[in-house]
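Note sheet for the following structure.
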Amino acid sequence: MAEGTARVEAFSDGVFAIAITLLILEIRVPHAGAEHGLWAGLVALWPSYVAFVLSFFVILIMWVNHHELIRLVRAVGYPFLFANGLLLLTVTFVPFPTAVLAEHLATPDAPAASAFYCGTFIINALAWGLLFWTIVRGRLYRSDVDAATIERIQRAYVAGPLVYAVSTLVALKQPVLGLALNASLWILWIRLGYRTTREAMERRAA
């Protein structure tokens, strides 16, 4: 039995909104009367700022991609609902590795914190792949979604976990480089686009 996507979109949007809001809670207000003054206290929070910006844009890009992916779906089924729920589980987990990264980025534990952060997105990327697999296997996509569109998205969903895995290994030795490699996937997800071949041609012709 299948139904429309409206309820899934509404529920998912709420989860994304909560997850992205929780990120700001990690940035603590400096204590009054700090030894080196308020400005020094604010500057000392730079790891929290870095972690916040990284995760904010990650969740924002995931939300946009989720919206675009759902746009290709004509109806949802039982497996889809659980796969979507698993994806949302990985999204709601993001604030935790963000907090760990913020706490330890400026310490000797930066490699472990960075690797843990990058490793989180391996699981997240696999969840995206599972969700798309349920769409393809259940033929839940719209009639104008052609084979070229499906193949293009599948290639991206295969590349994602591999790059995240590499960034995790790199982070164990070079935390900043690992985080930069992790963030480089923003380009892939932003440029991926979930337009059908026909929509892409119409856009170029406009």
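The values are calculated or read from the model by the stated rules, or taken from the named source; none is laboratory data. Note that the structure is predicted; figures quoted are calculated from it, not measured. Cβ atoms come from the backbone with ideal geometry, glycine included; neighbour counts cover every protein chain shown.
Tabulated data for the structure shown
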| item | result |
| --- | --- |
| Tally of residues being at pLDDT below 90 and surrounded by 14 or more Cβ atoms within 10 Å (Cβ to Cβ) across region 130-145 | 1 |
| Helices (runs of 4 or more DSSP H) contained in region 90-206 and holding at least 1 residues among the aliphatic types (A, V, I, L, M), closer than 15 Å to residue 68 by Cα and touching a helix residue (DSSP H, G or I) at 6+ places or on another chain (Cβ under 7 Å) | 110-137, 147-171, 175-192 |
| Residues of region 146-173 satisfying the condition of being among the hydroxyl-bearing types (Ser, Thr, Tyr) and either over 18 Å from residue 75 (Cβ atoms) or at pLDDT 95 or above (or both) | 157, 164, 167, 168 |
| Options 54, 86; residue that is in a helix (DSSP H, G or I), closer than 20 Å to residue 186 by Cα and within 18 Å of the chain's Cα centre (by Cα) | 54 |
| Where a residue in region 62-77 is farther than 10 Å from residue 141 by Cβ and surrounded by 15 or more Cβ atoms within 10 Å (Cβ to Cβ) and its partner, wherever it lies, is modelled with pLDDT of 90 or more and of a type in the set (D, E, K, R), with Cβ under 8 Å and at least six apart | 63/13; 70/9 |
| Subset tally (residues that are among the hydrophobic types (A, V, I, L, M, F, W, C) and without any contact (Cβ under 8 Å) to a residue 24 or more places away in the chain) for region 143-162 | 3 |
| Which numbered condition residue 7 misses (of (1) among the charged types (D, E, K, R); (2) closer than 19 Å to residue 106 by Cβ; (3) in a helix (DSSP H, G or I)) | (2) |
| Whichever residue in region 184-206 is under 16 Å from residue 156 (Cβ atoms) and among the small types (Gly, Ala, Ser) and, among such residues, is modelled with the lowest pLDDT | 200 |
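This table checks each residue for (1) out of contact with any Phe, Trp or Tyr (no Cβ under 6 Å at 6 or more places or on another chain); (2) surrounded by fewer than 20 Cβ atoms within 10 Å (Cβ to Cβ); (3) not small (Gly, Ala, Ser).
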site	(1), (2), (3)
10	yes, yes, no
39	yes, yes, yes
56	yes, yes, yes
93	yes, yes, yes
104	yes, no, yes
